[in-house]
Amino acid sequence: ATPEQWTQRSIYQVLTDRYARTDNNHSAKCNTTERVYCGGTYRGVINNLDYIADMGFSAIWISPITYNIEGTTGWGEAYHGYWQQDLFKLNSHFGSVEDLKDLSDELHRRKMYLMVDIVVNHFAWPGPANEVVYSKFATFDSASFFHPYCIVSDYDNQTMVEQCWLGDKNVELVDVNTEDSRVVSTFQGWISSLVSNYSIDGLRIDTAKHVHKSFWPAFNKDAGVFSTGEVLSGNVDYLCDYQNYLDSLLNYAIYYPLTQTFSSTTKNMSGLISIHQQIQKSCKSPKSLLTFASNHDQPRLAALTPSLALRKNALAYTMMSDGIPTLYQGDEQSFSGRSDPDNREAVWVSGFDKTAPLYTMIQTLNKLRSWAGRKESSYWNAMSEVVWNDSNALAMRKGQVVALLTNKGENMSLETVKVSNPGYAASTKLMDVVACQEAMVGQDGVLSVNMTKGEPQVFYPLDGLSWSGICQPW
Ligand code: ABC
Ligand code: CA
């Protein structure tokens with residue numbers, strides 16, 4: 001699928017080993033600190049797709065699918081899938097070729113998209129650099145396919161970031177020489193067949209900033225599908241430049257101010273607003289960035305704040321801002337693991353509870369977002385604009401949707417907010433779809449609403465909601 005098609009989607013990030021098991025055993029233990037396979041499979045995902053689809057997600061991103069280190073290492077097993085050793089074989093822990101094809105088919109039957117995580121930057125070796133046996137790697141079976149050993153010790157040195165090795169003596173991430181023409185052509189052939197064999201709709205490209213930029217345009221083109229790169233940097237200009245080489249990026253620039261702002265009741269909104277605007281100026285296509293508030297490398301939202309109200313606001317931002325909303329599995333169940341490996345809890349232990357408060361809020365916001373786009377196709381191209389703010393609240397407008405977000409938290413005292421320029425006609429009746437509560441624009445065009453308990457409010461014209469199934473029946 002194309003970037004244009006992806007901008008209208010929302011993505012649920014699945015860690016394949018930790019989503020659902022083939023036996024559907026919800027009481028199977030998964031001790032994250034052990035860093036071992038817990039038994040999640042493609043079959044498990046197939047059997048539990050309703051949970052994702054009913055929350056309103058129209059795409060999933062799954063873990064890397066290629067063959068990885070077998071057995072244990074100083075950092076445990078390759079349950080996350082990032083330790084590949086052979087591009088042309090699957091990681092059988094997650095299932096067979098047939099299983100993966102079935103997952104792809106089942107997603108497409110439901111009109112959902114499949115995004116696959118891929119790794120170009122490195123192959124993995126379970127030991128120190130001087131012990132790497134290159135002949136054990138498939139295709140790239142000699143040292144000549146890799147950069148010579150050196151350590152990425154300075155992330156400000158771009159040559160080092162691109163050519164030295166990540167990892168450590170427990171597991172070296174042997175750095176592929178992506179300037180070598182044999183390597184380039186192998187990857188191009190590989191990605192175009194992978195995409196067609198499994199009918200993949202999009203790619204999430206791991207460690208994208210560790211590969212020279214010039215590699216990406218041809219690769220993205222040969223993949224023939226939407227590709228989003230992981231460039232782990234909070235620096236707007238550094239990040240946005242990569243969008244001149246790849247369709248899309250994980251929006252790490254907004255990630256930091258977003259999570260900082262909504263994990264504290266005192267943080268001023270201005271930092272978030274400023275980065276929000278800078279991204280719109282610097283990035284080639286803000287609407288095709290992935291907007292997220294956590295992932296498998298970062299602390300869970302609930303590790304940053306126990307406050308449900310704050311987390312609702314953070315997630316509402318990811319849903320209603322520019323970009324493709326991307327939710328990390330388990331955040332909707334308020335999982336609270338902090339760093340790797342604690343943040344990789346198995347979703348099945350929640351029993352796939354569809355009544356969890358964040359689950360239902362996200363479900364509503366996914367519905368509203370699709371609905372807004374259906375009513376008015378210009379919604380997808382509209383850049384979200386902060387139309388009002390004070391120190392601890394902001395109102396953000398995109399198309400006909402106005403999201404009023406706050407980090408005041410559940411203990412705030414009741415307050416009346418006056419959004420002077422919400423962009424609706426005078427006297428328009430609105431619905432806050434989060435609480436299913438009506439509001440009305442004043443005759444002067446000002447939107448006055450009460451804020452209570454730190455809840456986010458997301459407004460849409462009431463008339464426009466007929467037949468939407470949102471906050472109905474009346
Ligand atoms: C293993 C163990 C862990 C153990 C670790 C040392 O080794 O499992 O328990 O703690 C995979 C696995 C991991 C595994 C690693 C290494 O492989 O998932 O469990 O850790 O074996 C991607 C993936 C990630 C994956 C890999 C490797 C890469 O999403 O899951 O890890 O395939 C860097 C990379 C980034 C990478 C990330 C983990 O490390 O660039 O691609 N993620 C700075 C740097 C970043 C750097 C980051 C690391 O630190 O600039 O490049 O990311 O924390 C902001 C700045 C940023 C700055 C941050 C910290 O602050 O703007 O630049 O990031 O303000
Ligand atoms: Ca590299």
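The values are calculated or read from the model by the stated rules, or taken from the named source; none is laboratory data. Keep in mind that what you see is a predicted model, and the values were worked out from it rather than measured. Please note: Cβ atoms are built from the backbone with ideal geometry, for glycine as well, and neighbour counts cover all protein chains shown.
Could you list, in sequence order, the residues of the range 183-195 that are farther than 14 Å from Asn220 by Cα and more than 16 Å from ligand 2 (Cβ to nearest atom)?
Passing the criteria: none in range.
This table checks each residue for (1) closer than 21 Å to Lys453 by Cβ; (2) within 13 Å of the chain's Cα centre (by Cα); (3) surrounded by fewer than 23 Cβ atoms within 10 Å (Cβ to Cβ); (4) at pLDDT 95 or above.
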position: Ser270; (1), (2), (3), (4): no, no, yes, yes
position: Ile273; (1), (2), (3), (4): no, no, yes, yes
position: Pro306; (1), (2), (3), (4): yes, no, yes, yes
position: Gly323; (1), (2), (3), (4): no, yes, no, yes
position: Gln329; (1), (2), (3), (4): no, yes, no, yes
position: Asn343; (1), (2), (3), (4): no, no, no, yes
position: Ser350; (1), (2), (3), (4): no, no, yes, yes
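Please list, ordered by residue number, the strands (runs of 3 or more DSSP E) wholly in the range 388-440 having 3 or more residues that are in contact with a helix residue (DSSP H, G or I) (Cβ under 9 Å, 6 or more places away or on another chain), without any contact (Cβ under 8 Å) to a residue 60 or more places away in the chain and more than 11 Å from Val458 (Cβ to Cβ).
Numbers: elements: 393-398, 401-406, 415-419, 429-432, 437-440.
Passing ranges: none, list empty.
Taking the range 280-304 only, how many residues are surrounded by fewer than 21 Cβ atoms within 10 Å (Cβ to Cβ), touching a residue at least 24 places away in the same chain (Cβ under 8 Å) and under 20 Å from Cys240 (Cβ atoms)?
4
Any idea how many residues of the range 144-174 are out of contact with any strand residue (DSSP E or B) (no Cβ under 9 Å at 6 or more places or on another chain) and small (Gly, Ala, Ser)?
Result for the range 144-174: 2.
Here is a check on your reading of the model: is His108 under 23 Å from the mean Cα position of the chain (by Cα) and not aromatic (Phe, Trp, Tyr)? Outline the logic, then answer.
Numbers: under 23 Å from the mean Cα position of the chain (by Cα): yes; not aromatic (Phe, Trp, Tyr): yes.
Yes: the conditions hold for His108.
Could you please give the count of residues in the range 143-169 that are within 11 Å of ligand 2 (Cβ to nearest atom) and in contact (Cβ under 8 Å) with a residue 40 or more places away in the chain?
So the answer is 5.
Exactly one condition in (1) within 16 Å of ligand 1 (Cβ to nearest atom); (2) among the polar types (S, T, N, Q); (3) out of contact with any Gly (no Cβ under 7 Å at 6 or more places or on another chain) is not met by Asn130; state its number.
Of the numbered conditions (1) within 16 Å of ligand 1 (Cβ to nearest atom); (2) among the polar types (S, T, N, Q); (3) out of contact with any Gly (no Cβ under 7 Å at 6 or more places or on another chain), the odd one out for Asn130 is (1).
Can you list the helices (runs of 4 or more DSSP H) lying wholly within the range 1-72 that have 2 or more residues being surrounded by 20 or more Cβ atoms within 10 Å (Cβ to Cβ) and either out of contact with any Lys or Arg (no Cβ under 8 Å at 6 or more places or on another chain) or at pLDDT 95 or above (or both)?
Details: elements: 3-6, 42-47, 49-54.
Result: 42-47, 49-54.
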